[in-house]
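Below is one structure; the comments refer to it alone.
Laboratory data are not the source of any read-out in this text; all were calculated from the coordinates shown. Quick caveat: nothing in here was measured; it's all calculated off a predicted structure. Cβ coordinates were reconstructed from backbone atoms using ideal geometry, including for glycine residues, and neighbour counts include every protein chain displayed.
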Amino acid sequence: MSRVQYHIYVIELSKRVFNENKKFREANPQFNGILQCLYVGMTSKTPKERFEQHKTGYRNKKGYKLSSNIVETYGMYLRPSLYNHINPLTSRDAALKMEETLALELRRQRYAVWFN
């Protein structure tokens, strides 16, 4: 039996998100406009598969939307140099914690970051 592995991923967003999305802007008062806007997430899929789900507005069998509107609208591409050193993780709890840790670290570096 194979264990589920979890992956942290980072998606670069169009800088339009900062101007067009009030919640995103309010979550990132540290943003200096020089670095990129990013989305940090975690998944049991590959980062590439998860990015495709976001971009296509993925819904599960019950019809619940499991993609981020921010990524669907503003997502441009994956930024593996910001997450490859972390993966894979072997527990969901560790992945959730790492998602937040990475997002907050990127904010400290003055990126604009969205995460759940």
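Of note:
- Listed values (1) 2, 12, 22, 23, 20, 13, 5, 1, 1, 0; (2) 2, 12, 16, 17, 17, 15, 10, 6, 3, 1, 0; (3) 2, 11, 18, 19, 15, 11, 9, 7, 4, 2, 1, 0, 0, 0, entry calculated as P(r) over Cα pairs in 5 Å bins from 0, in percent: (1)
- Nitroxide proxy distance, nm - points 7 Å out along Cα→Cβ at Tyr64 and Ala94: 2.5 nm
- Here the spin labels are modelled as points 7 Å beyond Cα on the Cα-Cβ line, and at Met76 and Lys15 they lie 0.9 nm apart.
- Packing-based ranking of 5-15, 93-103 yields 5-15, 93-103, ordered from highest to lowest mean Cβ neighbour count within 10 Å.
- When the chain is treated as a Gaussian network with alpha carbon springs shorter than 10 Å, the biggest mean-square fluctuation among Ser44, Ser91, Ser81 belongs to Ser81.
- Note on the stretch 7-114: antiparallel DSSP beta bridges, both residues inside, total approximately 80 percent of the bridges counted.
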